[in-house]
Amino acid sequence: MSKLVKARRETLPLLAVSGAFIFVLSSLKLPSVSGSCSHPTGTGLGSILFGPGITSVITIVVLVYQALFLAHGGLTTLGANVFSMGIAGPLAGYVVYKGAMKAGLNLYFAVFMAAALADLATYVVTSLQLALAFPAATGVLTSFKAFMAIFAVTQIPLAIVEGAVTSLMFKYILHSRSDVLVRLNVVSLKAVQKLREVSA
Amino acid sequence: MASILEARNVRYSYSDGPEALRGLSTTVEEGKKIALVGPNGAGKSTLMLMFNGILRPTSGEVYFNGQPMKYDSPSLRNVRRKVGLVFQNPDDQLFAPTVYQDVAFGPVNLGYPKDKTERYVSYALSYVGLSGFESRPPHHLSGGEKKRVAIAGVLAMEPDVMILDEPTSNLDPAGSEEIMEMLDELNSSGKTMIISTHDVELAYRWADLVLLMEDGKLLHYGPPSAVFADHGLVSKARMKLPAVMEIYQELKGRGVLDGDRPPRNILELTNMLETRAKVGCPKVSPGKIYLYNVDRADLKEIRSFLDSGSAKYVGAMGTSAKMTAEREKIRLDFTFGVIDKSILKATTGQSSLIMTSGGMVEHAMRRIEAYCDEWGAKIQVSVLNASVPNDPEK
Amino acid sequence: MHDLLDDYAQTNALRDVSPRLKLVLGLGSILLCVFSPSPVAPLIAALTMSAITVFLAKIPVRLYRKLLIVPLTFVLFSSLAILFVTGSGEPIIAFQAFGLGLGIGRDSANIALLMLSRTLGGTSSLFFIALTTPMIEIFSILKSLRLPDVLLELSMLIYRYIFVLMDQAMMINSAQTMRLGHASLRGSFNSFSMLSGVLFLRAWEQGERLMVAMDSRCYDGRLDVFERRTPIMLHGTLAVIGYLAAVAAIAFLTRDLRLI
């Protein structure tokens, strides 16, 4: 946060619009596969673009706005959400993205994995939190498994949708303004040129 | 007159594109109304950002008040305070959650204490006619209101020069007339005004000087009647002639009109035609124009004047006059282009009353006087409440 | 245009009541709901807060009902999960399904009921804040609570640009729908990705322009908060204190009460 303060003259406006962007993104309905209505979390995307630290700060602010503007979640669950969506999600997304890039995987696939796993990580942590809050008679593990089972059914398809959408979105940004991604250190100039060559 | 802003052979290129300015030199004199006219991509916005110190020329120099502009932060602060910039899209400019916070942004960052900030904000908001809008969030305002808030935000810093990028874009006709009139009012209080526009009609009748640009270079700089007389340059800049000018040139070509001075507006064109047509006809005796300064308002007086029926038409110029009229439920016939319309009525023998405020009274008198000199008309002008002393300025 | 709760908060009938008072009432009621050991107090809070929101603040009932559906379905599912998962205490229902012995224990029934009531109470209290207190007034309270300036400034700028980007997202969405961008599942995947991509780039460009806008007005790291002076009314304060005390008392008195 203190680093943020020092650099804030340049970064504050960009952070602000990014926060607004993540809010708006998370208020949009994902194309529905099963007829259910759901929203993207945007945390995977955020951490790929801005790193996990900044994404956490932004996500916390966005979570408060979601509670107050869209009636998503509640203030009581805010603490839990800050951890699962604000910290665990971005961290998982970041680690997956960096790892996949190091392993030399295709950029779009890396983005897909990062966004999907960030989404899943959020729900794994949520299950863990619920399990800790409501332990079963036979122990925390049993209830964790049960909550996981419930979430897995609903969340795995959603995570795949979010991953796919994020990766398509990346493709779009890369095509129209790759310089933004280069400036954010998301991809190197060389990688952009390589991708351009492939698609050309 | 002293030059307040000057560009000497400035060049600028954005990192991802060709040169936006290619060696442009120009001088802006203090107290003038200047319109930058040119097609998209001519470099108008770039020049404006340069005058505010946001962009630094890649080569060449910008002078402010005769001094070369320096780009260290204290000097920039000074320039940005004195040269206010209003963006084309108010959503780019209004970033605070409420109208109050947005207008207060400049004063707060200049380090003004709270009470001074409040005073400046309420002054600026009342100037643009938005008192009482303090707690509104910008997304609950109309396009015209947003534009006014943007102007108030700059006004609260008391700039000497105001630069407005496309001030009338996205506004309805009455809304843009009101904004332009406000710019006139600000100019008559001594501020130098610079606007950019595609609207040749607007530039033609509003500006003292037109700066025609194309492809990062200056094509022509001079009075509108001179700039817009040059067909070739105007079409080179992908602009068209103002309608009044076109009609004039057409009529001149057919020998209906002569003379070297093209009309600036409908009023002048009408007069030229009338003088031609009525040679030998008996002239109607001109009507009167009454001026009323709402700053020194004794409203009973204006009621009884209106009841007497001396003026057939009533017009109001400027926000405070319009607000007074609304408060007093005075029906207005003219809300924009008021002076011209009143003169037009006077030449047909009818009298009108113009409600206005502050320096606009003198401005109106000068304007009518200039008209009379030029056209040999004899319109009587009287200020209804000249004897009452003026209120001290804020 | 945008169906955000803040728009209702701007125009609700309790707009002129001191925001501090409303915040104390809402937050106080949330805390009581969280800490109440029995479901009685949270249920009472849920009823009263909903009544205040609908009758005093004059928020349309239809909107309120629509808002409640989302958390309600969520909490119903979670309670069901708790009901079966934690299964402890003396069984009140037991049956065989999918070859498994499932049962609902008395304890888990009580836990599920408590969670249901807490969530209801908390949600309606939160809705009370969200629907009666516009964000712009919460900023000045946060400022006086010494929230770090950076965080406050960030929040205020985010607030403003949420509305700008929201409008743009709607416009892009209509433009896509108009040209049948959402007619098929495949199409809507593409459209959605493109929308979010464009929106990101627009946001980015907006950020670049915002930087210029702030710079051109001498930005020096200071953004004032707006304070509307709303007098704290004595009877209002007393009513809030009285109400919170009453709910607290009910929570205390019913601490050992179990409904099942």
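Here is how the numbers come out for the structure above:
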quantity: Scan of region A:167-196 for residues that are assigned to a helix (DSSP H, G or I), open to solvent by 80 Å² or more (accessible area, probe 1.4 Å) and more than 10 Å from chain C (Cβ to nearest Cβ), ordered by number; calculated: A:L189, A:K190, A:Q193, A:K194, A:R196
quantity: Residue that is modelled with the lowest pLDDT [pool: residues in region B:262-303 that are part of a helix (DSSP H, G or I) and of a type in the set (D, E, K, R)]; calculated: B:R296
quantity: Residue check, B:V62 within 22 Å of the chain's Cα centre (by Cα) and aliphatic (A, V, I, L, M); calculated: no
quantity: The one condition in (1) free of Cβ contacts under 8 Å to residues at least 24 places away in the same chain; (2) at the interface with chain A (Cβ under 9 Å from one of its Cβ atoms); (3) in contact with a helix residue (DSSP H, G or I) (Cβ under 6 Å, 6 or more places away or on another chain); (4) surrounded by fewer than 23 Cβ atoms within 10 Å (Cβ to Cβ) that C:Q176 fails to fulfil; calculated: (2)
quantity: Candidates C:G236, C:G242, C:G207, C:G197, filtered to the one that is surrounded by fewer than 16 Cβ atoms within 10 Å (Cβ to Cβ) and either within 11 Å of another protein chain (Cβ to nearest Cβ) or of a type outside the set (A, V, I, L, M) (or both); calculated: C:G242
quantity: Residue check, A:A164 within 9 Å of chain C (Cβ to nearest Cβ), under 26 Å from C:F189 (Cβ atoms), at pLDDT 85 or above and out of contact with any strand residue (DSSP E or B) (no Cβ under 8 Å at 6 or more places or on another chain); calculated: yes
quantity: Residue in region B:64-77 that is modelled with pLDDT under 90 and touching a Cys at 6+ places or on another chain (Cβ under 6 Å) present; calculated: yes
quantity: Qualifying positions in region B:318-334 - open to solvent by 50 Å² or more (accessible area, probe 1.4 Å) and not in a helix (DSSP H, G or I); calculated: B:E328, B:K329, B:R331, B:D333
quantity: Residue that is most open to solvent (accessible area, probe 1.4 Å) [pool: residues in region C:155-173 that are in contact with a helix residue (DSSP H, G or I) (Cβ under 7 Å, 6 or more places away or on another chain) and more than 16 Å from B:Q93 (Cα to Cα)]; calculated: C:N173
quantity: Matching option when the condition is within 24 Å of B:W206 (Cβ to Cβ), in contact with a strand residue (DSSP E or B) (Cβ under 9 Å, 6 or more places away or on another chain) and among the β-branched types (V, I, T), among B:V86, B:V128, B:V149; calculated: B:V86
quantity: Residue in region C:138-151 that is at the interface with chain A (Cβ under 7 Å from one of its Cβ atoms), crowded, with 22+ Cβ neighbours inside 10 Å and in a helix (DSSP H, G or I) present; calculated: no
quantity: Residue ranges of strands (runs of 3 or more DSSP E) in region B:158-241 with at least 1 members free of Cβ contacts under 8 Å to residues at least 40 places away in the same chain; calculated: B:217-222
quantity: Matching residues in region B:341-372 - criterion: being at pLDDT 85 or above and acidic (D, E); calculated: B:E369
quantity: Test: residue in region B:92-113 that is crowded, with 24+ Cβ neighbours inside 10 Å, in contact (Cβ under 8 Å) with a residue 60 or more places away in the chain, touching a strand residue (DSSP E or B) at 6+ places or on another chain (Cβ under 9 Å) and within 11 Å of chain C (Cβ to nearest Cβ); calculated: yes
quantity: Output for region C:180-189, where each listed residue is at the interface with another protein chain (Cβ under 7 Å from one of its Cβ atoms) and surrounded by 18 or more Cβ atoms within 10 Å (Cβ to Cβ); calculated: C:S188, C:F189
quantity: Flag for C:S216 being modelled with pLDDT under 85, over 21 Å from A:I60 (Cβ atoms) and open to solvent by less than 10 Å² (accessible area, probe 1.4 Å); calculated: yes
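The values are calculated or read from the model by the stated rules, or taken from the named source; none is laboratory data. Just so it is clear, the structure is predicted and the values come from calculations on it, not from any experiment. Neighbour counts run over all protein chains shown; Cβ positions are idealised from the backbone, glycine included. Heavy atoms of the whole protein, side chains included, go into the accessibility calculation; ligands, DNA and RNA do not. Shrake-Rupley method; radii C 1.70, N 1.55, O 1.52, S 1.80 Å.
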